[in-house]
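The structure appears right after this line, and notes come after that.
The values are calculated or read from the model by the stated rules, or taken from the named source; none is laboratory data. Being a predicted model, the structure only gives us computed values, none of them experimental. Please note: Cβ atoms are built from the backbone with ideal geometry, for glycine as well, and neighbour counts cover all protein chains shown.
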Amino acid sequence: MPKKQSISSLVNSLKEKKISVHELFDQFHKVAKENANNSYNLVLDPDYQKSNLEISQERYSNGKNLPLDGIPLGIKDLFCTKGITTTASSKILSNFIPQYESFVTQQLLNDGAIFIGKNNCDEFAMGSSNETSHFGPVVNPWKNKNSPTEKLVPGGSSGGSAAAVAEGSCVASMGTDTGGSIRQPASLCGLVGLKPTFGSCSRWGIVAFASSLDQAGPITNSVEDAAYILNSISKHDFNDSTSSNHPRDDYLKEIDKKLDHKIKIGIPSDYLKNVTPEIIAQIENTKKSLAGYDIEFVDVAFETTDYALSTYYIIAPAEASSNLARYDGIRYGVREEGGNLDDIYLNSRTSGFGDEVTRRILIGTYVLSAGYYDAYYRQAQKVRRLIKDDFQRVFQEVDFILTPTTPNEAFKIGEKLDPIAMYMNDVFTVPTSLAGLPGISLPSGLSANGLPLGVQLIGNYFQEKKLLQLSHLIEKELSFNE
Amino acid sequence: MSEIDIKRISYLAKLKLPSEKEEFYSQSLVDIIQWVDNLKKIDTSNVKPLHNVTEATVSIRNDDIEKNNSTEDVLNNAPERAQNFFKVPKVVE
């Protein structure tokens, strides 16, 4: 894997004029342009970014640099970027050029970040392996040391964002997480992936999948880098009615603060029932690494874990079927002709959506249709409250919850054909999403095949600052970063 | 579980599944609906549905006029346009 360069060290190098903004961009652009792992749907060239690079360099020259000035970032192709094609990795949006910038990417631009390109992802963010993209699968830069020619999935849906950071074509990237789409690929690519509390980062301008679950967040080489990005993107926005207006912390400040009081971390025994010894070892290693601190680990048990995936696979497709009703071939996107208006709708949608997206629209339509709404959708929303209450009960006993991020290491492209087997990948991340809690995946070690594995740390609502502080400590103690 | 009428569901979703794929989607739907059926076991008679996890109150902005989204920028993405309109086949006789 390429050498990891932190945002703070790069900002320092730029300040001290050891490297120019242009040189830094070129260094990452060169790797991105090769697109060896298909991590990008679009790579922006230095000519396109010329004025942004010049302005950024000028700020450094004047000593007035912004927090992310000149830092090359990858952006999941789900964020609308003004004047830059935004496809959601779908055929139906393959020609869409947004006339506006998403709130989150605008914050990054306001802080001086430079975009390298748009990262490949699962179509409309529906997938856990990045194989559903209209533009082909993303390849995990990590190889199985016992079978190095095999092409492995990077996870999904933010698979391109994760592979891009791992291959060294950007310093950090933006993903979105609906049921695990930041944490799971981060884990399979040996990176840090943060899904903030629902409502922390505005959904405005993010192509919608499931609006009560979608949340933007960073995929980074380190916890400190995640804090840099979160400082930029976590803000209230009037354009998203679910955006929270609680006061934000400075997530970077005191990130390495020493623990000054005892903390309790809960480990849910029900999460570890059917996992391999290798996955259990990740939890054990993490526990061991923290042995010298005033941290107590306690067993906790959830009552709703067995129902979380079912709840998710009703609510997320239901919301998706409603959100994706807007793709009709009339106002934007790809139109397929037809004899009348209805035929245009039918032809454009049928030809524009891939198999997995079609499947989820059908599930969503079914569970919302007359006669089934109460039995499925309404019941799922009620169980969702039980899941949230279950977490709140556990959080009365503990400060954080530690789980594996994924039940397995990165698997082969084309290996998982059964949709339900694929959905099981998100078994540890989905409950957190349903409860709207913040979760972070941290690299915790390597499998016997030399592939990265991760642990997930879950905090209570809007406790990102404490979550990042503890994550920073775990990262240091596990010293996975060489 | 009763049969799923895949033709009706796909029409409601404004999708026209090719006939050779109807069985594929139909079976897939049956499998997934069976898989999520375990939710029916839970007694939720006293539970309120949860729509917004943080259950925060919506904040309301000032009603100030902002100028964004020019007609031209919006229509640039239209598959077909006529002057300042999206163009579609005739819908009224």
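Yes/no per residue for (1) β-branched (Val, Ile, Thr); (2) surrounded by fewer than 17 Cβ atoms within 10 Å (Cβ to Cβ); (3) farther than 30 Å from A:Trp142 by Cβ; (4) modelled with pLDDT under 95:
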| residue | (1), (2), (3), (4) |
| --- | --- |
| A:Val43 | yes, no, no, no |
| A:Asp47 | no, yes, yes, no |
| A:Ile55 | yes, yes, yes, no |
| A:Ser61 | no, yes, yes, no |
| A:Lys64 | no, yes, yes, no |
Single unsatisfied condition, A:Asn239 versus (1) surrounded by fewer than 24 Cβ atoms within 10 Å (Cβ to Cβ); (2) within 22 Å of A:Met424 (Cα to Cα); (3) of a type outside the set (Phe, Trp, Tyr): (2)
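Listed here are the residues, each with its yes/no results for (1) buried (at least 20 other Cβ atoms within 10 Å of the Cβ); (2) in contact with a Cys (Cβ under 7 Å, 6 or more places away or on another chain); (3) within 11 Å of chain B (Cβ to nearest Cβ).
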position: A:Gly70; (1), (2), (3): yes, no, no
position: A:Leu73; (1), (2), (3): yes, yes, no
position: A:Leu78; (1), (2), (3): yes, yes, no
position: A:Thr81; (1), (2), (3): yes, no, no
position: A:Ile84; (1), (2), (3): no, no, no
position: A:Ile97; (1), (2), (3): no, no, yes
position: A:Thr105; (1), (2), (3): yes, no, no
position: A:Phe115; (1), (2), (3): yes, no, no
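Taking the condition touching an Asp or Glu at 6+ places or on another chain (Cβ under 8 Å), within 17 Å of B:Leu17 (Cβ to Cβ) and among the basic types (Lys, Arg), does A:Arg349 pass? First the steps, then the outcome.
Working: touching an Asp or Glu at 6+ places or on another chain (Cβ under 8 Å): yes; within 17 Å of B:Leu17 (Cβ to Cβ): yes; among the basic types (Lys, Arg): yes.
Criteria met by A:Arg349.
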Provide a single number: the residues in the range A:296-327 that are in contact with a Ser or Thr (Cβ under 6 Å, 6 or more places away or on another chain) and part of a strand (DSSP E or B). 1
Long-range neighbours under 7 Å by Cβ, at least six apart or interchain, first residue touching a residue at least 40 places away in the same chain (Cβ under 8 Å) within the range A:61-76, second charged (D, E, K, R) and assigned to a loop (DSSP other than H, G, I, E, B): A:Leu66/A:Asp111; A:Pro67/A:Asp111; A:Leu68/A:Asp111
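I need the helices (runs of 4 or more DSSP H) fully contained in the range A:1-82, keeping only those with at least 2 residues that are touching a strand residue (DSSP E or B) at 6+ places or on another chain (Cβ under 6 Å) and closer than 21 Å to A:Thr220 by Cβ.
Working: elements: A:7-15, A:21-34, A:50-61.
In the range A:1-82, the matching helices (runs of 4 or more DSSP H) lie at A:21-34.
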Does the range A:149-167 hold any residues that are within 10 Å of A:Ser128 (Cβ to Cβ) and in contact with an Asp or Glu (Cβ under 8 Å, 6 or more places away or on another chain), and which are they? A:Val153, A:Gly156, A:Ser157, A:Gly159
Taking the stated definitions as given, is A:Ser212 within 14 Å of another protein chain (Cβ to nearest Cβ) and either of a type in the set (Val, Ile, Thr) or closer than 17 Å to A:Tyr461 by Cα (or both)? yes
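Do we find a residue being closer than 23 Å to A:Leu309 by Cβ and small (Gly, Ala, Ser) anywhere in the range B:14-25?
no
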Could you go through the range B:13-27 and let me know if any residue there is on the phi > 0 side of the Ramachandran plot and within 7 Å of chain A (Cβ to nearest Cβ). yes
Before we move on, is A:Gly160 touching a strand residue (DSSP E or B) at 6+ places or on another chain (Cβ under 9 Å) and within 27 Å of A:Tyr313 (Cβ to Cβ)? yes
Residues (closer than 20 Å to A:Arg331 by Cα and within 7 Å of chain A (Cβ to nearest Cβ)) located in the range B:51-75: B:Asn68, B:Asn69, B:Asp73, B:Val74
Helices (runs of 4 or more DSSP H) wholly in the range A:328-437 with at least 1 residues that are more than 23 Å from the chain's Cα centre (by Cα), crowded, with 24+ Cβ neighbours inside 10 Å and within 9 Å of chain B (Cβ to nearest Cβ) - which ones? A:341-352, A:355-368, A:379-394
Might you let me know whether the range B:32-39 holds any residue that is over 30 Å from A:Gly352 (Cβ atoms) and more than 7 Å from chain A (Cβ to nearest Cβ)? yes
Being over 30 Å from A:Phe238 (Cα atoms), surrounded by 13 or more Cβ atoms within 10 Å (Cβ to Cβ) and within 24 Å of the chain's Cα centre (by Cα) narrows it down to one residue among B:Val91, B:Val30, B:Val53, B:Val47; which is it? B:Val30
Please identify the pairs in which a residue from the range A:265-281 that is part of a strand (DSSP E or B) has its Cβ atom under 8 Å from the Cβ atom of a residue that is modelled with pLDDT under 95 and β-branched (Val, Ile, Thr), counting only partners at least 6 apart or on another chain. A:Pro268/A:Thr305
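If you go through the range B:32-71, how many residues are more than 21 Å from A:Pro317 (Cβ to Cβ), polar (S, T, N, Q) and without any contact (Cβ under 8 Å) to a residue 12 or more places away in the chain? Walk me through how you get there before you give the answer.
Pass one, the range B:32-71, residues more than 21 Å from A:Pro317 (Cβ to Cβ): B:43, B:45-48, B:54-71.
Filter once more, keeping what is polar (S, T, N, Q): B:45-46, B:54, B:57, B:59, B:62, B:68-71.
With the extra rule that they be without any contact (Cβ under 8 Å) to a residue 12 or more places away in the chain, the set shrinks to B:45-46, B:54, B:57, B:59, B:62, B:68-70.
Residues in the range B:32-71 being more than 21 Å from A:Pro317 (Cβ to Cβ), polar (S, T, N, Q) and without any contact (Cβ under 8 Å) to a residue 12 or more places away in the chain: 9 in total.
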Need pairs with beta-carbon distance below 6 Å; first residue modelled with pLDDT of 95 or more and of a type in the set (A, V, I, L, M, F, W, C) and within the range A:333-357, second part of a helix (DSSP H, G or I) and surrounded by 14 or more Cβ atoms within 10 Å (Cβ to Cβ); sequence gap 6+ or separate chains. A:Val334/A:Ile92; A:Val334/A:Gly352; A:Val357/A:Glu123; A:Val357/A:Phe124
Pairs only if they're at least six apart or on different chains, beta carbon under 9 angstrom, first in the range A:229-243 and within 14 Å of another protein chain (Cβ to nearest Cβ), second outside any loop (DSSP other than H, G, I, E, B) and not β-branched (Val, Ile, Thr); list them, first residue then second. A:Ser234/A:Gln107; A:Ser234/A:Glu464; A:Lys235/A:Phe103; A:Lys235/A:Gln107; A:Asp237/A:Phe103; A:Asn239/A:Phe103; A:Asp240/A:Phe103; A:Ser243/A:Phe103
With the structure loaded, tell me whether A:Arg183 is buried (at least 20 other Cβ atoms within 10 Å of the Cβ) and within 25 Å of A:Tyr307 (Cβ to Cβ) or whether it fails that test. yes
Only one of these is at the interface with chain A (Cβ under 7 Å from one of its Cβ atoms), part of a helix (DSSP H, G or I) and not polar (S, T, N, Q): B:Ile4, B:Ile9. Name it. B:Ile9
Can you give me the number of residues within the range A:181-199 that are within 14 Å of the chain's Cα centre (by Cα) and within 14 Å of another protein chain (Cβ to nearest Cβ)? 4
